[in-house]
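Below is one structure, written out as structure tokens; comments come after it.
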Amino acid sequence: MDLVDTVWVEHGALVDQFDALEGVRAWLAEHGWDGDGEVEGVRERLLEARAALRDALEGRGSDRLNAVLDHGAWRPRMRGGEPYEEVVVDETAWWPGWVAAAGFVRMMGERAERVRKCANPQCVLWFLDVSKNGSRRWCSMEACGNRAKVGRFHQRNRSTGGPSA
């Protein structure tokens with residue numbers, strides 16, 4: 001979900017972390033990609049993977065997501081008697097976007113009912129609800145959740161004539 005949420009709304013305007021190469025580098029560093037190479041090429045693949053994930057989440061089909069996934073595969077391996085999976089991609093620049101897309105598919109296979117869009121209609125963020133009872137509604141309580149609570153409070157006070165004395 002981290003790749004999907006590299007676009008957000010701030011003060012009513014859409015912000016894209018990948019507009020600047022520094023934002024791409026920061027995201028890659030946060031996700032353990034230390035690959036050399038052209039960051040611009042990686043950004044293009046990340047943008048394609050992000051668009052594919054958003055298409056799938058927003059009900060526009062999975063063709064783009066499958067096209068991204070066609071660029072790589074998991075290869076089961078053993079090291080020191082322990083199993084692990086190696087990522088194999090047809091082009092190094094696809095590695096971060098492919099890993100995000102494959103992780104998304106795995107998550108949807110395990111917990112699709114817990115993947116949700118923020119309940120704030122102005123918010124574009126998605127999240128995996130890991131709450132115990134599965135009732136989370138907001139991308140974050142500090143942002144969208146608080147705004148909703150404040151809005152409901154003001155609505156109640158307007159309709160009742162204000163707080164009681």
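The values are calculated or read from the model by the stated rules, or taken from the named source; none is laboratory data. Keep in mind the model is a prediction, meaning the values are calculated, not measured. Only protein heavy atoms, including side chains, enter the accessible area calculation; ligands, DNA and RNA are left aside. Shrake-Rupley method; radii C 1.70, N 1.55, O 1.52, S 1.80 Å.
Among 88, 130, 115, determine the one that fluctuates most according to a GNM of the chain built with springs between C-alpha atoms less than 10 Å apart.
So, out of 88, 130, 115, the one fluctuating most is 130.
Multiplying the sequence separation of residue 140 and residue 25 by 0.36 nm and subtracting their Cα-Cα distance, what value in nm do you get?
Details: separation 115, 0.36 × 115 = 41.40 nm, distance 2.45 nm.
Separation in residues times 0.36 nm, less the Cα-Cα distance, equals 39.0 nm.
Protein chains only, probe 1.4 Å: how do 74, 138 rank by accessible area, largest first?
74, 138
Take the eigenvalues of the Cα gyration tensor for the chain, scale each by 5, and report the square roots as semi-axes in whole Å, largest first.
Numbers: eigenvalues 275, 72, 40 Å².
Equivalent ellipsoid semi-axes, largest first: 37, 19, 14 Å.
Would you mind checking which residues have amide H under 5 Å from residue 115's amide H? H placed 1.01 Å from N; only 5 or more apart, or other chain.
Amide H to amide H, under 5 Å and 5 or more residues apart or across chains, residue 115 pairs with 129.
Multiplying the sequence separation of residue 117 and residue 89 by 0.36 nm and subtracting their Cα-Cα distance, what value in nm do you get? Write down the numbers at each step before the final one.
Details: separation 28, 0.36 × 28 = 10.08 nm, distance 2.98 nm.
My answer for the length gained is 7.1 nm.
Å³ per residue of the Cα convex hull, for segment 59-115?
Normalising the Cα hull of segment 59-115 by residue number yields 99 Å³.
Once the piece of chain linking residue 62 and residue 77 is laid out straight, how much longer is it, given 0.36 nm per residue of separation minus the C-alpha distance between them? Let's see the in-between values first.
Values: separation 15, 0.36 × 15 = 5.40 nm, distance 2.84 nm.
Extra length available between residue 62 and residue 77 comes to 2.6 nm.
Show that you can apply the helix-only estimate: for the chain, add -39,500 (n - 2.57) for every DSSP H stretch of four or more residues, divide by all residues, and state [θ] at 222 nm to the nearest 500. Can you show the working numbers first?
Details: 5 runs with 68 residues, N = 165.
Counting only the DSSP helices, I get -13000 deg cm²/dmol.
What part of the accessible area of the chain, given as a whole %, is carbon or sulfur when the probe is 1.4 angstrom? Don't skip to the end; give the middle numbers.
Working: 5260 of 10200 Å².
The computed percentage sits at 52.
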